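Read the structure below first, then the notes.
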Amino acid sequence: MRTISSKENKIFRLCEQLTHKKYRDKLGLYIIEGENLLEEAVKNGAEIRTVLARPDYGGSFFGIDHRAFFLDDKLFNRISQTESSQGIMAITVKPQISPTGFIDERGGGNFVVLDRLQDPGNIGTILRTADAAGYRLAIIMKGTADVFSPKVVRAATGSLFRMPVVFMDSVDELTEYTRAAGKKLVATCLDGERYYYDENLRENIALIIGNEGSGISRELIQSSDLKIKIPMYGNIESLNASVAAGILMYEAVRP
């Protein structure tokens, strides 16, 4: 199998580009790293363009050897985004999801809406939890950090291969879309009218999770169909975004 050892090689240069969001957006590609993610990608039918491994990698290429190359140690380490890399990564095609395909999801499927979240760990964890709780779609609002960044991809632990993700630019676009899909927009806020367990969050909702510092935008709160809160004792004013999301999303699987 061929070894890439020149930094001028077009595959290596592509990998360097994909460490930046603007090229991930422009080219519709991103990098996944590690055996578990590659295995999940293959299992879920993700389109893998190229597999790259360090010369000392001794694991499996998951049946895609015809698109695999060794990458010189120094070059591999320049691209790797993990502290203790397993020595394998892949260039993967971003899934192309049409929001219109979910308009007729009136059978109970829930959506989660990420409003300007910035922490990659939170974003990845929320996507993973939404996947586990049976949510059908993640809507990413403008201003949210890149869901295909290496840290988000790692934190999602494969859920990006199963959880459809669409992007929206404005509150008007979101409200028009969720109403067409038959979903109630649900916002969490300190002045919420009722506690979350007093409402039915099992089906047909679009649950908004807001920015870690400022919460859900005022415009989105005003456009919501339902405003709820999570009870908290002491002087705590808010929970971590992914913790709050987990509490609320798991209402969908309440017996």
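The requirement of being surrounded by fewer than 16 Cβ atoms within 10 Å (Cβ to Cβ), free of Cβ contacts under 8 Å to residues at least 40 places away in the same chain and of a type in the set (A, V, I, L, M, F, W, C) is satisfied by Val243. Of the set (1) within 23 Å of Val147 (Cβ to Cβ); (2) β-branched (Val, Ile, Thr); (3) in a strand (DSSP E or B), all apply to Ile228 but (1).
Checking Thr144, Thr129, Thr125, Thr92 one by one, the residue that is modelled with pLDDT of 95 or more, surrounded by 23 or more Cβ atoms within 10 Å (Cβ to Cβ) and either hydroxyl-bearing (Ser, Thr, Tyr) or closer than 30 Å to Ile4 by Cβ (or both) is Thr92 and no other.
Consider Gln81 carefully, then state whether it is surrounded by 17 or more Cβ atoms within 10 Å (Cβ to Cβ), at pLDDT below 95, under 16 Å from Thr157 (Cβ atoms) and not assigned by TED's automatic domain parsing to the domain that holds Gln118.
no
Condition first: touching a residue at least 60 places away in the same chain (Cβ under 8 Å), in contact with a strand residue (DSSP E or B) (Cβ under 6 Å, 6 or more places away or on another chain) and of a type in the set (Lys, Arg). Can you find one or more residues in segment 42-50 that meet it? No: segment 42-50 contains no residue that is touching a residue at least 60 places away in the same chain (Cβ under 8 Å), in contact with a strand residue (DSSP E or B) (Cβ under 6 Å, 6 or more places away or on another chain) and of a type in the set (Lys, Arg). Scanning segment 156-176 for residues that are part of a helix (DSSP H, G or I), touching a residue at least 24 places away in the same chain (Cβ under 8 Å) and more than 23 Å from Ser214 (Cβ to Cβ) yields Ala156, Ser159, Leu160, Phe161.
The values are calculated or read from the model by the stated rules, or taken from the named source; none is laboratory data. Because the structure is predicted, anything quoted here is derived from the model rather than measured. Every residue, glycine as well, gets a Cβ built from its backbone with ideal geometry; the counts of neighbours run over all protein chains shown.
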